[in-house]
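The values are calculated or read from the model by the stated rules, or taken from the named source; none is laboratory data. Just so you know, these numbers come straight off a predicted model, no measurement behind them. Here Cβ is always computed from backbone atoms with ideal geometry, including for glycine, and neighbour counts include all displayed protein chains.
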Amino acid sequence: DAGITQSPRHKVTETGTPVTLRCHQTENHRYMYWYRQDPGHGLRLIHYSYGVKDTDKGEVSDGYSVSRSKTEDFLLTLESATSSQTSVYFCAIQRAGGSSYNEQFFGPGTRLTVL
Amino acid sequence: QQQVKQSPQSLIVQKGGISIINCAYENTAFDYFPWYQQFPGKGPALLIAIRPDVSEKKEGRFTISFNKSAKQFSLHIMDSQPGDSATYFCAVTFPGTYKYIFGTGTRLKVLA
């Protein structure tokens with residue numbers, strides 16, 4: 001357990017509505033990530049952050065934005081949700097240094113359904 | 001483009017058998033090769049990982065075999081148990097990028 005929580009854990013929303021998912025960590029890690037998981041695609045990186053207010057795009061960033069105003073919180077926003085964004089969303093942190101260099105640890109996930 | 005190809009997509013093994021999952025990659029610059037295990041309703045959890053300077057790493061019943069020349073690495077689960085039934089993901093990463101590229105996953109079912 002890397003002290004990662006995600007909220008909400010489940011959400012059903014309608015097409016066109018904005019949605020924000022929250023990732024919270026308790027261990028003060030610099031790197032945080034948002035992935036989506038879909039059958040046949042594995043885990044795909046949406047956005048990541050390498051520090052407060054420092055973010056960058058992943059491979060499937062269209063339709064998503066992120067913000068990180070505090071080390072412990074990383075928010076993922078769907079500005080106008082579409083049915084193609086129905087997925088399970090995972091937040092992850094990366095521990096750097098020592099024997100755990102490069103290891104990413106995942107939160108429990110948020111299941112989002114867009115009707 | 002798909003930088004990591006994972007196979008098979010699904011696998012059924014008898015209890016006590018050996019489960020083998022393979023991943024092939026394109027870029028020789030990748031420097032870290034982890035395997036993740038995911039149970040239904042849970043987030044993926046790091047299972048075992050290897051760096052390209054070794055050809056094999058073993059932790060309990062789980063072994064990674066790494067073939068640098070063939071650009072392949074595989075996960076072997078010895079004496080497979082029903083509790084090993086899960087989805088397994090391989091991943092690769094570039095040095096210094098702090099970003100993973102995941103395979104598409106293998107759903108393993110171990111029959112009792």
Please count how many residues of the range A:39-59 are at the interface with another protein chain (Cβ under 10 Å from one of its Cβ atoms) and under 15 Å from residue A:87 (Cα atoms). 7
The range B:49-107, subset assigned to a strand (DSSP E or B) and small (Gly, Ala, Ser), residue farthest from residue A:47 (Cα to Cα): B:65
Among the residues of the range A:6-17, is there at least one that is in a strand (DSSP E or B) and surrounded by 18 or more Cβ atoms within 10 Å (Cβ to Cβ)? yes
Just checking, does the range B:76-88 include any residue being over 18 Å from residue B:39 (Cβ atoms) and at pLDDT below 95? no
Can you confirm whether residue B:88 is facing another protein chain (nearest Cβ under 10 Å) and not basic (Lys, Arg)? no
In the range B:34-61, what count of residues is obtained for those that are surrounded by fewer than 18 Cβ atoms within 10 Å (Cβ to Cβ), under 14 Å from the mean Cα position of the chain (by Cα) and in contact (Cβ under 8 Å) with a residue 24 or more places away in the chain? 1
Of the numbered conditions (1) in contact with a helix residue (DSSP H, G or I) (Cβ under 8 Å, 6 or more places away or on another chain); (2) surrounded by 19 or more Cβ atoms within 10 Å (Cβ to Cβ), residue A:63 fails exactly one; give the number of that condition. (2)
So, residue A:65, is that one more than 17 Å from residue A:18 (Cβ to Cβ) and either assigned to a strand (DSSP E or B) or more than 14 Å from chain B (Cβ to nearest Cβ) (or both) or not? no
Counted residues, the range B:9-26 - those being farther than 30 Å from residue A:9 by Cα and exposed (fewer than 12 other Cβ atoms within 10 Å of the Cβ): 2
